[in-house]
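The values are calculated or read from the model by the stated rules, or taken from the named source; none is laboratory data. The structure presented is a predicted model; accordingly, all values stated were derived computationally and were not measured. Here the Cβ positions follow ideal geometry from the backbone for every residue, glycine too, while neighbour counts run over all protein chains shown.
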Amino acid sequence: MGRRRRRVDPADAAGALPAAITALSRALPGGPSPETFRRAKFDRPEAAPALWRLLFHVLSPRPADDAAALPTPEAQARLVKSVLRSQGYPRRALVQLPEDGSQGSRELLLALSWLLARGPLLERLLAQIRVRLGDEMPVCECEVLASPGPPAPRVEADGCVDIRHLQWLMGKLRFRWRNLITSQQEHCALLGKVHSYTRGCHSDRSLGHLSVTEAELLRDPEGGRQLLRRLESENARLEAALEWRRRELVFWQWMDTVLDACPPEASQPTFLPRILERGAGELELVARELQALQEELQAVVEPRRAAWEARVGGWGPGWKATQRASEEAVRQELTALQRAWERGGGLAQPHGPHRLVRSEAGTLGGPGLCATEVIKALRSREACLEAALRQLQGQCRQELARLVGALPGFIWILPPGC
Amino acid sequence: MSIVTVQLGQCGNQIGFEVFDALFIDSHCPQRLSSKRENEAYQASCKERFFSEEENGVPIARAVLVDMEPKVINQTLSKAAQSGRWKYGQHSSFCQKQGSGNNWAYGYSVHGPRHEESIRNLIQKEVEKCDSLSGFFIIMSMAGGTGSGLGAFVTQNLQDQYSNSLKMNQIIWPYGTGEVIVQNYNSVLTLSHLYRSSDALLVHENDAVHKICAKLMNIKQISFSDINQVLAHQLGSVFQPTYSAEGSFHYRRNPLVLEAGKSKIRTPVDSASGDLMENLVPHPEFKMLGVRNIPQMSENSLAYSTFTWAGLLKHLRQMLISNAKMEEGIDWQIRPPLPGLPNLSKMSLNKELHFNTSIANLLILRGKDVHSADLEGFKDPALYTSWLEPVNAFNVWRTQRAFSKYEKSAALVSNSQFLVKPLDMIVGKAWNMFASKAYVHQYTKFGIEEEDFLDSFALLEQVVASYCTL
């Protein structure tokens, strides 16, 4: 955890805490007033609603949108609790808070500090609201997959559902998927046009061409003013974040006093899996230990396996065939896993959004990714997923065939296109 | 959003021409009732879909022409060029010297693989001209050799190569009396193959369109050109632009799919309330679509007629439930089954009265006071299968801009039982021939084995059974 203790000049200390909290507040989305923090230390209920709202903004999977209506306090509290739990927040007192959002300001302050101390929270939030001048494209979907997303709508079926209705809905979904791909392709084709028509227009030589936003700026000055306003507000938040960085020490010292004011909770040891940078020697040690364990295991397994085989030897050829089939299946799965591992390990997977820059073949320098390489990595990932899908489909087909086989006199006709 | 049309065989090429011509003429026809701005938006939307950048001011159809004989392609190209309104691209056609002799197997197994690459390149070039490709519209007959056999092959190729693009096949159902002895074989093979590779099969029956020409258009000597014009009119009334959402006045960019309207660069379009493929054919066993339209008449009669939305929709609804292809000769006795009856009796009742149950319907209204039209008649749950609610099964598109010369007009695209009977008939006839092994060697000779026939029969019988038990 990023807490460093240093001596703070007591003369500064008086004004330092409010300044630190103000900076933090300004760096957070819709941050509450510093007074709220002070009240939260004493667990005053009037500070609670603002902190629930703040935590909701911080933990919500979608970046805060000013125009979007906030969900009800109950929904906010539920989301805050469940996201904190899924991230491993240890205090049970938080879970037990009422969901009407009326209480628990101190617990919420602790949770917020926990989030701040734990990882790059501010950085992530700032990245979310960043003004994007370039045409960006995510190279992975891991963030989307990791966020809980909107809750799945649940339809309660009264009585039985006609399978044809499900097939109909599935078909609709397929058409939408195809349409989505078509619009993505159109989007890319049009981006390509903007990039090639504006070649040489950009003041930044390493980019060479304009993005859609930049091209829009040339056409629409009012849009330019709006963009300027957004940039200014982003700048203000960045400055506040810097200020917070300089002053956070005093905040943490103050938080110690908050923690002292808390009734101690029957502490359960929490364990956050975190890979620390250690020397290679330690890894070596672990590897050797693993090796030894494996050998030991081998030695134990062999005689047991021999004994087992001797016992089942008398069970006939059917048993043998089943055994061979499962061995084969395991081997295949292992190879697939190994292949996936090797592929994943070879190249560090690129993450997050990247600006699309069109460049002449071979002229790309610097830290950027090459589109063809990203595409190659994605293709191999796609192949892995498709193999897994085919395997699952094969299993379903086998199961269906088995079920159909149980009904004599039936001919099984696959629906067309399946 | 653009659509690339693939015209295959004699029938596909002739119809393709009429469709483009109908689309172009309609989008340029003078409109008293719409504002200049609205007309321009309508024109631009139509152009983006079906035509590409003009060459010397003449728009070029987003189309690829394929036939194994040069005659029809040459006629089609020159007819378009002579119209002076629009034309086909200079290098957008592919033809050979030798046809398929009405043998599906020859088109599918010989012509297909032999010319696969040339056709694929041609299509690819057309696709590259689109900023965004929404899908393919493939026009072909069902009963012949080239259009149907090669068409099935090309559709399958498109499915492999552009699996995310939508594919709709316009299929011409042969006359019941039949011109070709093996038309039932060819039809069974075409339908079963398309059922696997296409998203929707939009079917026009020659017999039905012929009757429209005779009864409604008062044409004495009916030619293929007359039939194709009626057909093109129906397709145009479906594919021309409509507003993207209920209550909106933006034109829908893509007739085949839902609009996301999120692209930063273009003006955002409201998300559509409904779209053709997603609303009509998401189920893999139900892909058959039919079109009905009203009013349909010769220009002479049109001058002396007035219409009300209530009257038009009342007729159109009865056309749907009684499975009538045109306004004339509707059986008004047929009523939707009473609600609350158990499923079994509903089924037998339907059979007796030939009530046509729908899975889903899309109604397209064009013209004056379009927002005043009352649609309650189409939202009756009794019209639809028990496993879909009307709110999911019924959709409407509208525009105030009139279509062609009709002040008010309505078209209905439906996924319903309308084809069960003809399909059952074709499968039955083909099966009888197959049981006596008649002409099968003509197919096995080119690599279509008996096993393939059996698979096709099984699939189509399943389709008939699925539609019967809605």
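Structure data summary
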| item | result |
| --- | --- |
| Residue, farthest from residue B:407 (Cα to Cα), within the stretch B:1-51, restricted to residues that are under 22 Å from the mean Cα position of the chain (by Cα) and surrounded by fewer than 19 Cβ atoms within 10 Å (Cβ to Cβ) | B:43 |
| Meets criteria (touching a helix residue (DSSP H, G or I) at 6+ places or on another chain (Cβ under 9 Å) and at pLDDT 95 or above) for residue B:216 | no |
| Selection status of residue B:128, within 14 Å of another protein chain (Cβ to nearest Cβ), surrounded by fewer than 24 Cβ atoms within 10 Å (Cβ to Cβ) and farther than 25 Å from residue B:451 by Cα | yes |
| Every residue from the stretch A:211-256 that is of a type in the set (Asp, Glu) and loosely packed, with under 13 Cβ neighbours inside 10 Å | A:220, A:222, A:232, A:256 |
| Residue under evaluation residue A:354, criteria (1) at pLDDT 80 or above; (2) within 14 Å of chain B (Cβ to nearest Cβ), criterion not met | (2) |
| From A:180, A:190, A:166, residue being at the interface with chain B (Cβ under 10 Å from one of its Cβ atoms), modelled with pLDDT of 85 or more and either touching a helix residue (DSSP H, G or I) at 6+ places or on another chain (Cβ under 8 Å) or buried (at least 16 other Cβ atoms within 10 Å of the Cβ) (or both) | A:190 |
| Lone qualifier among A:186, A:216, A:232 - being charged (D, E, K, R) and closer than 27 Å to residue A:122 by Cα | A:232 |
| Residue within the stretch A:103-111 that is at pLDDT 85 or above, buried (at least 16 other Cβ atoms within 10 Å of the Cβ) and either among the charged types (D, E, K, R) or touching a strand residue (DSSP E or B) at 6+ places or on another chain (Cβ under 6 Å) (or both) present | yes |
| All positions within the stretch B:274-293 that are under 12 Å from the mean Cα position of the chain (by Cα), more than 22 Å from residue A:162 (Cα to Cα) and either facing another protein chain (nearest Cβ under 8 Å) or part of a strand (DSSP E or B) (or both) | B:289, B:290, B:291, B:292 |
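Here's the yes/no breakdown for (1) part of a helix (DSSP H, G or I); (2) modelled with pLDDT under 85:
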position: A:379; (1), (2): yes, no
position: A:393; (1), (2): yes, no
position: A:396; (1), (2): yes, no
position: A:403; (1), (2): yes, yes
position: A:415; (1), (2): no, yes
